[in-house]
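A quick write-up on the structure given underneath.
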Amino acid sequence: MTLVTQFVVSLLTVFILLVLARIVWSYFPHRSTHGWIRATQDFVNETTGWYLAPFRRIIPPIGILDLSVMAAILVLFILRSVAANVLGSF
């Protein structure tokens, strides 16, 4: 695997982890936290918000279950796999 392939795959993996962190932190109150925890939550929300917004417009939540985030993660996994295969073939 080339350096470019490793970089792209690693970047997509980090973004997947940020989306997963957003899911986990959505269960904790945002306004009551202080300091570095709130700063980290703000960073994760700002970093992933632009990507999740189109999925949330297309796929409405079903009760308390937000399927748009699962679809967004699935697209990231597919994109990571395609990038690894396409960039790895060069």
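About its Cα centre, the chain has a charge dipole of approximately 100 debye under the convention of +1 per Lys or Arg Cβ and -1 per Asp or Glu Cβ, with nothing else charged. Calculated mean residue ellipticity, 222 nm, the chain: -26500 deg cm²/dmol, from DSSP H runs (n ≥ 4) at -39500 (n - 2.57) each, averaged per residue and rounded to 500. Calculate what fraction, in whole %, of the accessible area of the chain sits on carbon and sulfur atoms when a 1.4 Å probe is rolled over the protein chains. With neighbouring chains kept in place, the figure for the chain is 75 percent.
Using C-alpha pairs below 8 Å separated by at least 6 residues, the relative contact order for the chain is 44 percent.
With the convex hull of its Cα atoms as the shape, region 13-55 has an orientation-averaged projected area of 3.1 nm².
When the Cα positions of Ala39, Ile59, Gln6 are compared along the charge dipole of the chain, Ile59 comes out farthest toward the positive end, with charges on each C-beta of Lys, Arg, Asp and Glu. Ligands, DNA and RNA are left out, and with a 1.4 angstrom probe the accessible area of the chain is 71 Å² per residue. Computed on the chain, the Cα convex hull volume stands at 101 Å³ per residue.
The values are calculated or read from the model by the stated rules, or taken from the named source; none is laboratory data. All of these numbers come straight from a predicted model, not from anything done at the bench. Glycine gets a Cβ as well: all are built from the backbone with ideal geometry, and neighbour counts include every protein chain shown. Each accessible area value is taken on the protein alone, full model and side chains, heavy atoms only, with ligands, DNA and RNA left out. Shrake-Rupley method; radii C 1.70, N 1.55, O 1.52, S 1.80 Å.
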